[in-house]
Structure formats: structure tokens, C-alpha cells
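**Q** A single structure is presented below for examination.
Nothing in this text is a laboratory measurement; each read-out follows from the coordinates by a stated rule. Since the structure is predicted, the reported quantities are computational estimates derived from the model, not experimental observations. Quick reminder, even Gly has a Cβ in these numbers, built from the backbone with ideal geometry, and neighbours come from all protein chains shown.
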Amino acid sequence: MKRIIHVLGSKKFNYLELSEQIDLKTGGLNVSSHLDDSSFKIEDYEEGVILSSYCLDRNIDAMFDLWEDVLLHF
């Protein structure tokens with residue numbers, strides 16, 4: 001699931017351009033699933049998605065722009 005973002009496009013970038021921008025501006029945009037015991041009921045569980053990335057300070061705005069593009073404008 002982690003590498004799927006690199007093969008997706010968006011309204012702003014095709015998949016090749018998006019992959020290039022991710023590589024140029026970040027250390028990657030990572031997505032993974034999360035499953036944990038429920039805090040409220042012993043027999044239940046909670047599921048979620050973890051989004052993670054990192055970049056140089058000068059690329060913070062670009063990194064969040066890429067996340068916005070991937071999450072809202074695919």
C-alpha cells in the first residue's frame with residue numbers, strides 16, 4: 001500500500017509527474033493501515049489509516065501541497 005501513491009495521478013499531476021514531485025520534495029508519502037484493540041469494548045477493535053512523510057524544512061509547504069493533492073484531488 002505504501003508505494004501506491006507513486007502510481008496514482010491527480011488533477012494537478014499525472015502519475016509520472018506526481019512521483020517525481022514526491023521524490024524531489026519529500027522522503028516519501030507513506031500510507032499504511034492500523035488495527036488496534038478498542039479502548040471501550042474488549043471484544044471490539046478500531047481500524048484506521050496512518051499517513052506519514054518527512055522533508056527538509058524548506059519543503060514543508062510543498063509536502064503538504066502534495067498530500068492535499070493526493071487526498072483531495074485524485
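**Q** Please state which one of LYS25, LYS12, LYS41 is of a type in the set (Lys, Arg) and within 15 Å of the chain's Cα centre (by Cα). Quick ask: steps written out before the conclusion?
**A** Values: LYS12 fails: within 15 Å of the chain's Cα centre (by Cα); LYS41 fails: within 15 Å of the chain's Cα centre (by Cα).
Answer to the check: LYS25.
**Q** Read through the list (1) in contact (Cβ under 8 Å) with a residue 24 or more places away in the chain; (2) in a loop (DSSP other than H, G, I, E, B), then give the number of the only condition that ILE42 fails.
**A** With respect to (1) in contact (Cβ under 8 Å) with a residue 24 or more places away in the chain; (2) in a loop (DSSP other than H, G, I, E, B), ILE42 is out only on (1).
**Q** Among the residues of the range 4-14, are any assigned to a helix (DSSP H, G or I), out of contact with any Cys (no Cβ under 6 Å at 6 or more places or on another chain) and aromatic (Phe, Trp, Tyr)? First the steps, then the outcome.
**A** Initial filter on the range 4-14 (assigned to a helix (DSSP H, G or I)): 4-7.
Narrowing further to those that are out of contact with any Cys (no Cβ under 6 Å at 6 or more places or on another chain): 4-7.
Those still in the list that are aromatic (Phe, Trp, Tyr) too: none.
Within the range 4-14, none of the residues are assigned to a helix (DSSP H, G or I), out of contact with any Cys (no Cβ under 6 Å at 6 or more places or on another chain) and aromatic (Phe, Trp, Tyr).
**Q** Next question. In this structure, does GLY48 turn out to be surrounded by 14 or more Cβ atoms within 10 Å (Cβ to Cβ) and either hydroxyl-bearing (Ser, Thr, Tyr) or touching a strand residue (DSSP E or B) at 6+ places or on another chain (Cβ under 7 Å) (or both)?
**A** On the way: surrounded by 14 or more Cβ atoms within 10 Å (Cβ to Cβ): no; either hydroxyl-bearing (Ser, Thr, Tyr) or touching a strand residue (DSSP E or B) at 6+ places or on another chain (Cβ under 7 Å) (or both): yes.
Here the answer is no, as GLY48 does not meet what is asked.
One line per residue, one yes/no per condition, for (1) surrounded by 12 or more Cβ atoms within 10 Å (Cβ to Cβ); (2) touching a Lys or Arg at 6+ places or on another chain (Cβ under 6 Å); (3) at negative phi:
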| site | (1), (2), (3) |
| --- | --- |
| SER10 | yes, no, yes |
| TYR15 | yes, no, yes |
| ILE22 | yes, no, yes |
| LEU29 | yes, no, yes |
| ASP44 | no, no, yes |
| SER52 | no, no, yes |
| LEU56 | no, no, yes |
| ASN59 | yes, yes, yes |
| GLU68 | yes, no, yes |
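**Q** Next question. Can you tell which of ILE50, ILE22 is free of Cβ contacts under 8 Å to residues at least 60 places away in the same chain, β-branched (Val, Ile, Thr) and assigned to a helix (DSSP H, G or I)? Outline the logic, then answer.
**A** Values: ILE50 fails: assigned to a helix (DSSP H, G or I).
On inspection, the qualifying residue turns out to be ILE22.
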